[in-house]
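The values are calculated or read from the model by the stated rules, or taken from the named source; none is laboratory data. Not measured: the values here are computed from a predicted model. Heads up, the Cβs are rebuilt from the backbone with ideal geometry, glycines too, and the neighbour counts pull from every protein chain shown. Keep in mind that these areas ignore ligands, DNA and RNA; they rest on the heavy atoms of the full protein, side chains included. Shrake-Rupley method; radii C 1.70, N 1.55, O 1.52, S 1.80 Å.
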Amino acid sequence: MKKLYKRVKRVVISFSILSLVKFFYYYPIKFYKALALFFYFFLSKFRKIGLKNLEILNFKKKILWKNFCFMTYCALRFIKLRKKSEDEIVNNVEVSNLQILIDKMDKKRGVFVFTLHFGFWEIIPIYFSLKGLKVCVIASKVYTDSINNFINNIRKKFNIEVFHPENAYALIKRLKKGYAAGILMDQKQGGKRSFVNFFGKKVEAPIGPLEIAYKLKPEVLLMRTLNLKDKDHIYIENFNLSYNLNYDLQCIYNKFEEWIREKPWQWILIHQRF
């Protein structure tokens, strides 16, 4: 009975979220706070997780409302990208250290991009796909199949190939063909994991991407996106593998923590991370 209740609840929540998002699709994005207010009170489970995370991170509780507003704003921007021209999307993005990516792509060894749920992260593969790069992403399934399919259909509209973590073979094939492959590394998705220090806590982190990188030896980069004054800034940083798994994983998470501390409301605080 409990399993049936949970399943029905997930369907109802999924239907409600998709209905509201599609409804707001036809309205100016400035109304995003109204939708954020609904999510803040309706998704009580995630609100509680966010408050707990803020307590652990020693950040102010008022950040959570700002985080709900920001994530809702990004969600609406994501679905509204379908209405925008390629020039509109590309011209709203600035990239730092672009030459690092160009030089690595020119080596034809594939580029493995490690990033995190920060800023308007969906714009990273979309932007580079529109700029002519062969792009794929590794993404965990989101909440329910209906929401997952909704998100992936938008990604595919921009010629982004989407694979789930268990489909490592497809990822390996794309890297060998010279693709830029992106993966969100700040969550514990996937099979193999190891522990790292993150905000002074021991958390699990995926090690599969690093194991693939050690075996294939593609180029590796760190990226993040930051939303500043309604413009998205993509930051590219070189990352040299030491081939010491625990050391490399900790270095990645050290950088993530540094970025999150700058603007914590632009990181997805409602994930069960600690």
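Brief remarks follow.
- Answer residue from the stretch 224-235, given it is of a type in the set (Lys, Arg) and not in a loop (DSSP other than H, G, I, E, B) and is nearest to the chain's Cα centre (by Cα) among those: 224
- Boolean, residue 162 is free of Cβ contacts under 8 Å to residues at least 24 places away in the same chain and among the β-branched types (Val, Ile, Thr): no
- Here residue 201 passes the criteria (1) under 20 Å from the mean Cα position of the chain (by Cα); (2) at pLDDT below 95 except the one numbered (1).
For every residue, the table says whether it meets (1) of a type in the set (Ser, Thr, Tyr); (2) within 30 Å of residue 76 (Cα to Cα).
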site	(1), (2)
191	no, no
194	yes, no
202	no, no
205	no, yes
214	yes, no
218	no, no
223	no, yes
230	no, yes
233	no, yes
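- Search result, residues across the stretch 87-97 that are in a helix (DSSP H, G or I) and open to solvent by less than 60 Å² (accessible area, probe 1.4 Å): 89, 90
- Members of the stretch 10-44 found to be open to solvent by less than 40 Å² (accessible area, probe 1.4 Å), at pLDDT below 75 and either acidic (Asp, Glu) or part of a helix (DSSP H, G or I) (or both), listed by number: 13, 14, 16, 17, 18, 21, 24
- Evaluation of residue 69 against the conditions (1) open to solvent by 50 Å² or more (accessible area, probe 1.4 Å); (2) touching a helix residue (DSSP H, G or I) at 6+ places or on another chain (Cβ under 7 Å); (3) under 19 Å from residue 118 (Cβ atoms) shows that the sole unmet condition is (1).
- A count restricted to the stretch 56-67 and to residues that are free of Cβ contacts under 8 Å to residues at least 60 places away in the same chain and at negative phi stands at 4.
- Every residue from the stretch 89-130 that is within 29 Å of residue 215 (Cβ to Cβ), of a type in the set (Gly, Ala, Ser) and touching a residue at least 60 places away in the same chain (Cβ under 8 Å): 110
- Taking the stretch 45-84 as the range and being outside any helix (DSSP H, G or I) and over 18 Å from residue 155 (Cβ atoms) as the test, the residues that pass are 58, 59, 60, 61, 62.
- Scope the stretch 231-262; condition charged (D, E, K, R), open to solvent by 10 Å² or more (accessible area, probe 1.4 Å) and touching a residue at least 40 places away in the same chain (Cβ under 8 Å); matching residues: 231, 237, 257
- The residues in the stretch 101-111 that are buried (at least 18 other Cβ atoms within 10 Å of the Cβ) and at positive phi can be counted, and the count is 1.
- Within the stretch 67-90, the set of residues being aliphatic (A, V, I, L, M) and under 19 Å from residue 228 (Cβ atoms) comprises 71, 75, 76, 81, 89, 90.
- Scanning the stretch 71-109 for residues that are modelled with pLDDT under 95 and small (Gly, Ala, Ser) returns 75, 85.
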